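See below for the structure under consideration.
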Amino acid sequence: MAKKSNKEESTHQTVVTAESLAFFEKYINNPSPTGFEWEGQRLWLDYLKPYVDKTYIDNYGTAVGIINPDAKYKVVIEAHADEISWFVNYITKDGLIYVIRNGGSDHQIAPSKRVNIHTDNGVG
């Protein structure tokens, strides 16, 4: 493998910045379950707005950013923002929590996952 010259090394631009890393951490830690995606969509579109000319959310919950929306050739950046979730269906006297699936998540992964339970009073 050829060595890079000092000139090549000095022109390197970092792709992952402190700002992009902070956004990523905030985004992946934001709950956006199926049917309740709006917070994740808003975070993503707010981050994307300085780089695109137009944004919208379609009927299926996909957030879209467009560069050059009126041009013959445009760049479209899109992301679907829902994540696996379940609804608490019942809690026993002993504290066992029974859940039902929200969306098309695979029930077999539920026992192996750490969860956050969202209540009217916040995350419990």
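Quick notes on this one:
- Karplus-derived 3J(HN,Hα) values for the range 70-76, using 6.51 cos²θ - 1.76 cosθ + 1.60 with θ = phi - 60°, are 9, 7, 4, 10, 10, 9, 10 Hz; glycine and proline are entered as x.
- Peptides 80-91, 111-122 ordered by packing proxy, namely the average of other Cβ atoms within 10 Å per residue, highest first: 80-91, 111-122.
- Seen against the Cα atoms of the chain and their longest principal axis, helix 38-48 is set at about 10 degrees.
- Applying both filters, DSSP loop and at most 15 other Cβ atoms within 10 Å, to the trypsin sites (Lys or Arg not before Pro) of the range 39-105 gives Lys72, Lys74, Lys93.
- Helix 18-28 vs. the chain, principal-axis angle (Cα, 0 to 90°, nearest 10): 30
- Lys pairs under 30 Å by Cα in the chain, provided they are eight or more residues apart or on distinct chains: 9
- Counting only DSSP beta bridges whose two residues both lie in the range 1-105, roughly 95 percent are antiparallel.
- Cα shape, the range 1-108, gyration tensor, a/c 1.5 rule: oblate
- You can think of it this way: the chain between Phe36 and Thr17 has 3.9 nm of extra reach, that is 0.36 nm per residue less the Cα-Cα gap.
Only the coordinates and a few stated rules stand behind these numbers; no lab work does. Predicted model only: the values in this text are computed from it and were never measured. FYI the Cβ positions are ideal-geometry reconstructions off the backbone, even for glycines, and counts take in every protein chain you see.
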